[in-house]
Amino acid sequence: MTHPAIHEFTLAELAERLGANLVGDGSQRIRGLATLREAGPDQVAFVANRSYLKDLSDTRAGAVLLQPEHATVCPVTRLELPNPYLGYAQLSQLFDPILATPRGGIHPAAVVADDVALGERVEIGPNAVVEAGVELGDEVVIGAGCFIGAGARIGAGSRLHPNVTVCHGVAVGERVILHSGCVIGGDGFGFAHDGSRWHKIAQLGSVILGDDVEVGSCSSIDRGALDDTVIGNDVKIDSQVQIAHNVRIGDHTALAGCVGIAGSTRVGRNCMLGGGVGLAGHLTICDGVQVTGMSLVTNSIHEPGVYSSGTGAMSNAQWRKNAVRFKQLDDFARRLARLEKRDQG
Amino acid sequence: MTHPAIHEFTLAELAERLGANLVGDGSQRIRGLATLREAGPDQVAFVANRSYLKDLSDTRAGAVLLQPEHATVCPVTRLELPNPYLGYAQLSQLFDPILATPRGGIHPAAVVADDVALGERVEIGPNAVVEAGVELGDEVVIGAGCFIGAGARIGAGSRLHPNVTVCHGVAVGERVILHSGCVIGGDGFGFAHDGSRWHKIAQLGSVILGDDVEVGSCSSIDRGALDDTVIGNDVKIDSQVQIAHNVRIGDHTALAGCVGIAGSTRVGRNCMLGGGVGLAGHLTICDGVQVTGMSLVTNSIHEPGVYSSGTGAMSNAQWRKNAVRFKQLDDFARRLARLEKRDQG
Amino acid sequence: MTHPAIHEFTLAELAERLGANLVGDGSQRIRGLATLREAGPDQVAFVANRSYLKDLSDTRAGAVLLQPEHATVCPVTRLELPNPYLGYAQLSQLFDPILATPRGGIHPAAVVADDVALGERVEIGPNAVVEAGVELGDEVVIGAGCFIGAGARIGAGSRLHPNVTVCHGVAVGERVILHSGCVIGGDGFGFAHDGSRWHKIAQLGSVILGDDVEVGSCSSIDRGALDDTVIGNDVKIDSQVQIAHNVRIGDHTALAGCVGIAGSTRVGRNCMLGGGVGLAGHLTICDGVQVTGMSLVTNSIHEPGVYSSGTGAMSNAQWRKNAVRFKQLDDFARRLARLEKRDQG
């Protein structure tokens, strides 16, 4: 997509924002970011790691973010800083057209209860519904078609993209980003069985999202049964993730797409769960755990480190031969032990 | 979350509703439920199973739901009944603020076709859209932003939370609960290939949901190709579940989060599928089957019982060593057999 | 579901549309499609493959689509053609009540920016929001409650079912079908870590959907970080699918329900991914690859063919015995090799 440039900055301005060391012409005007290969003279590129150095000598970028030790092979103006990928993240914010769009105030087609507490410069989009007793902090943006249930609170600087649902009583921190289609505070899955049928357990807890949380498109975080479901500060949640009732997730943890976490499990701080990972219920995962994609975790983890399960894909012919043997593993173990015993006997 | 108490009940009133044996002061006023550890004097707690007995002697709850055999260690008023967890479920309904909210009638910002058949005391929220020919039973609640397609029917006492989509012609039973973001009756995935490209097969069937069904946030149930997709009575479906076209699910079956069921599969009555379970298409799963989390079922199941697949997570170092051997299993089997033959030869 | 018949056609008319050889009475009026078993005299059935031939001799259908070689056992009027399943797909379009519903124009409760470029015969449903700079091609249908962000383009003949979200700048091809609850163009999952916390990388790319794409209910396709996420022509995507930023998918590829594709992976043309398949990031999957349900792909695939991973479900008792051995596989391998060496020594 080619966006119209929303803002322009000189390289000198960008260097100052990043605290980077500018080597070259600071007057060049920059209108966006691109990869080393694609960038033109009005765009900044970056060298995130050594594997990109091969593209550096041919770049036509207006400037390149890089570490000082890579400066010698850079043919254009450079912005030297210790963490170029972080610099890229910081600059990217300047060129996001969503962030550059002026605030729209409260759209006449929004339905906002009389007693809603509105901070300064709040935007509420068309057809959004904000129920009684809601509190919206300063500079909150509620996208078109969002629903904010009775008594919910959204902290300052948070942005709800269109068609987000925040159920009654949910508490959202500051600078939180909720993407379209996500649902925060739907009922947890709780029923009592009477021997013949299910009886619903009303989900009387809520969801608490810390500051700087992000939740991806179509993800769901269910409300607690009695206590709350609690997501820490700076937790990043990708699309299509399901977090069940009474889960607690520690600060700075990141969950990739399609992760599912069952009820009452606690995940520590600074964890990373790969795409499609499943955590069973009532587990405790300590700080600093990484789980690789599509692994199933059925026991608590008490040591930081990387964890995995499953097997990678192979040709179906090869797989058929081997997968059928899985059912024979216990038999193999016994036969192997017997042979060893006779061998030693 | 601390909700304002919506209702208060005396312990005597609660005992009568549950048919429980009250031992202690029935005049105490109760404003909610909590765990044994958290409950205060205006809250009721419960002993769901023996593992909670350790918290019983220190509880400050106003009363505790428990089985008569646990009465001796209870320091506070007790409500004795055979299934305390069921009692908790029943009481929880009394304290749900959503259920206690007075009905709002038809909001002026709802868009309701002229010929919609409305039962008594129906609520339709702001920005909901109800198309022509829809029938809404008594006490149906349609949340803000919901869409009800032409000719759909919603049975008495059902509640659609905000931003639910029910497509044209879908039939929803009585006392059904649909959570935000779920989609009932989107097209099944059907195409014919002409050797070079796909041709869409219009999905001319519908979805039928029985009575007392619950569907979680962001779940989808696709409409049938020619016949209908049919969900039985008292089927409970968690969040992020996908049910493909022409699936049939028997009464009282429960599906945990992220389950996926492929087309035309039939699941029996009183089954339980754990989180992330996948069922291939065109299978028959008999009554009374439980499948543990993230298992893949590729064959029909004809015997009740518990079924599993996959392997649990281990440290990545350990996993790397072992997972690579999976491709050698058939080779192992042959080598093991050869050794045994020579050993016996 | 029994829809009121929207259209009627004579068998002669249907034969002409399909280019089929009509053998029997062409004046019979047809009001729909059904299976061989269920069809009545005003419905057409079909024999998709030999396994259905057993139902042919008893059918009461008004006519049957079949290959000429199956004509001898057909007791009713027949429509002979080389690919009956394709014929069924083509006829199914004629009986879809959604397609037969007259266009509604722009509903007064839609919120449409002044500068939107509208093609001929565009329909925009109630409570839809169409932002500034959007272009809608001829005969585009935007369902109730949809959101179309600033600068997005929707090609001619495309249909967005209710409650779809298309974010700013997204480009949708012609004749595309987007089902309810799907989100096209939410942010990709990109953050830089500064050693203690995450910094968001604004997702400045977009999503490009080719012509004839279909996206199922509650699926999400994330926008690119710098470049775009690109979905080719005639790509068919089922419900609950997650496609991460900068993924590229070739023409005619089909993704079944609950598939997840991680960032920057490229999938070729004419591929088929089964339900729940996961592709790791930064892979290349060549043309003509099929992956069976719930497989995990962690390496690029350079040869067309069928690929699989995992193991199917078995009884939990059997599974427990065998799954525990998975952690011993490397040990088995070493012990087996030692025995062989001694055996040969």
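The values are calculated or read from the model by the stated rules, or taken from the named source; none is laboratory data. Because the structure is predicted, anything quoted here is derived from the model rather than measured. Cβ sites come from the backbone with ideal geometry, for glycine too, and all protein chains shown count toward neighbours. Accessible surface is based on the protein model in full, side chains and every heavy atom, while ligands, DNA and RNA are left aside. Shrake-Rupley method; radii C 1.70, N 1.55, O 1.52, S 1.80 Å.
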Given charges at Cβ of Lys, Arg, Asp, Glu: chain A dipole, positive-most of A:ALA192, A:GLY224, A:GLY181
A:ALA192
Dipole-positive endmost among C:ALA337, C:ILE261, C:TYR85 within chain C (Cβ charges, Cα centre)
C:ALA337
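Just tell me how shielded A:93-103 is by partners: mean number of partner chain Cβ atoms within 10 Å of each residue's Cβ, no decimals. Kindly include the intermediate steps, with their values, before the conclusion.
On the way: counts 4, 1, 2, 6, 7, 9, 1, 0, 4, 0, 0.
Per-residue shielding by partner chains comes out at 3.
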What are the lysines whose alpha-carbon lies under 16 Å from the alpha-carbon of B:LYS236, with same-chain residues fewer than 8 places away excluded?
A:LYS200
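Among rounded, prolate and oblate, which fits segment B:196-308 when a ≥ b ≥ c are the square roots of the eigenvalues of its C-alpha gyration tensor, a/c under 1.5 means rounded, and a/b larger than b/c means prolate? It would help to have the intermediate numbers written out before the result.
Working: a/c = 1.60, a/b = 1.34, b/c = 1.19.
Since a/c reaches 1.5 and a/b is larger than b/c, the shape of segment B:196-308 is classed as prolate.
How large a share of the accessible area of the protein assembly as shown, in percent, is made up of carbon and sulfur atoms when the probe is 1.4 Å and the other protein chains stay in place?
Numbers: 18770 of 39260 Å².
Carbon with sulfur: 48 percent of the solvent-accessible area.
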Charge dipole (debye, nearest 20) of chain B; +1 at Cβ of Lys and Arg, -1 at Cβ of Asp and Glu:
1920 debye
Decide, for segment C:111-307, between rounded, prolate and oblate: order the square roots of the alpha carbon gyration tensor eigenvalues as a ≥ b ≥ c, take rounded if a/c falls under 1.5, and otherwise choose prolate if a/b is larger than b/c, else oblate.
oblate
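Enter the mean number of other protein chain beta carbons within 10 Å of the beta carbon of each residue in A:240-251, as an integer.
Counting Cβ atoms of other protein chains within 10 Å of each residue's Cβ and averaging gives 4.
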From the label point of A:SER315, set 7 Å along Cα to the beta carbon, how far off in nm is each other copy's matching point, shortest first?
3.6, 3.6
With springs only between Cα atoms under 10 Å apart, run a GNM on chain C and tell me which of C:SER27, C:SER308, C:SER180 wobbles the most.
C:SER27
Based on DSSP H runs of at least 4 residues, each adding -39500 (n - 2.57), what is the mean residue ellipticity at 222 nm of chain A after dividing by all its residues, to the nearest 500 deg cm²/dmol?
-3500 deg cm²/dmol
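Explain nothing, just the number: relative contact order of chain B, from Cα pairs under 8 Å at least 6 residues apart, as a whole percent. All intermediate terms of the calculation are to be shown ahead of the outcome.
On the way: 952 pairs, mean separation 21.6, N = 345.
Computed over chain B, the figure is 6 percent.
Partner chain Cβ atoms within 10 Å, averaged over the residues of C:287-299 - can you pull that number for me? Intermediate values should be presented prior to the final figure.
Values: counts 0, 0, 1, 1, 2, 6, 9, 15, 9, 11, 5, 7, 3.
Mean shielding count: 5.
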Could you give me the percent of Cα pairs per 5 Å distance bin for segment B:9-99, shortest bin first, beginning at zero and ending with the bin that holds the maximum distance?
3, 17, 30, 29, 16, 4, 1, 0
Straight-distance crosslink candidates among lysines, where the alpha carbon sits under 30 Å from A:LYS321 and sequence neighbours closer than 8 are dropped:
A:LYS341, B:LYS321, B:LYS327, B:LYS341, C:LYS321, C:LYS327, C:LYS341
With +1 on each Lys and Arg Cβ and -1 on each Asp and Glu Cβ, how big is the dipole of the protein assembly as shown about its Cα centre, in debye rounded to the nearest 20?
4800 debye
Report, in whole Å, the centroid distance computed from the Cα atoms of segment B:34-70 and segment C:306-344.
47 Å
Using +1 at the Cβ of each Lys and Arg and -1 at the Cβ of each Asp and Glu in chain C, identify which of C:CYS146, C:VAL297, C:THR311 lies farthest towards the dipole's positive end.
C:THR311
For the protein assembly as shown, dividing by residue count, accessible area per residue (probe 1.4 Å) in Å² works out to 38 Å²
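Note the buried accessible area between B and C here, summed over both chains, with a 1.4 Å probe, in Å² to the nearest 100. Mind showing how you got there, number by number?
Numbers: alone 18770 and 18810 Å², together 31780 Å².
Using a 1.4 Å probe, the pair buries roughly 5800 Å².
Report the charge-dipole magnitude of segment B:111-307 in Debye, nearest 20, computed about the Cα centre from +1 at each Lys and Arg Cβ and -1 at each Asp and Glu Cβ.
Working: 11 positive and 22 negative charges, 129 e Å.
So the dipole magnitude of segment B:111-307 works out to roughly 620 debye.
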Express in whole angstrom the spacing between the alpha-carbon centres of segment B:94-135 and segment B:162-220.
21 Å
By average C-beta atoms within 10 angstrom, highest first, the peptides A:310-316, C:110-116, A:280-286:
A:310-316, A:280-286, C:110-116
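Rounded, prolate or oblate for chain A? Axes are the square roots of the Cα gyration tensor eigenvalues, ordered a ≥ b ≥ c, and the cut-off for rounded is a/c under 1.5.
Numbers: a/c = 2.63, a/b = 1.15, b/c = 2.28.
Judged from the Cα gyration tensor, chain A comes out oblate (a/c at least 1.5, b/c at or above a/b).
What is the packing order of peptides C:77-83, A:59-65, C:145-151, taking the mean over residues of other C-beta atoms within 10 Å and listing the highest first?
On the way: C:77-83: 19.7, A:59-65: 24.4, C:145-151: 26.7.
Put in order of decreasing packing, that is C:145-151, A:59-65, C:77-83.
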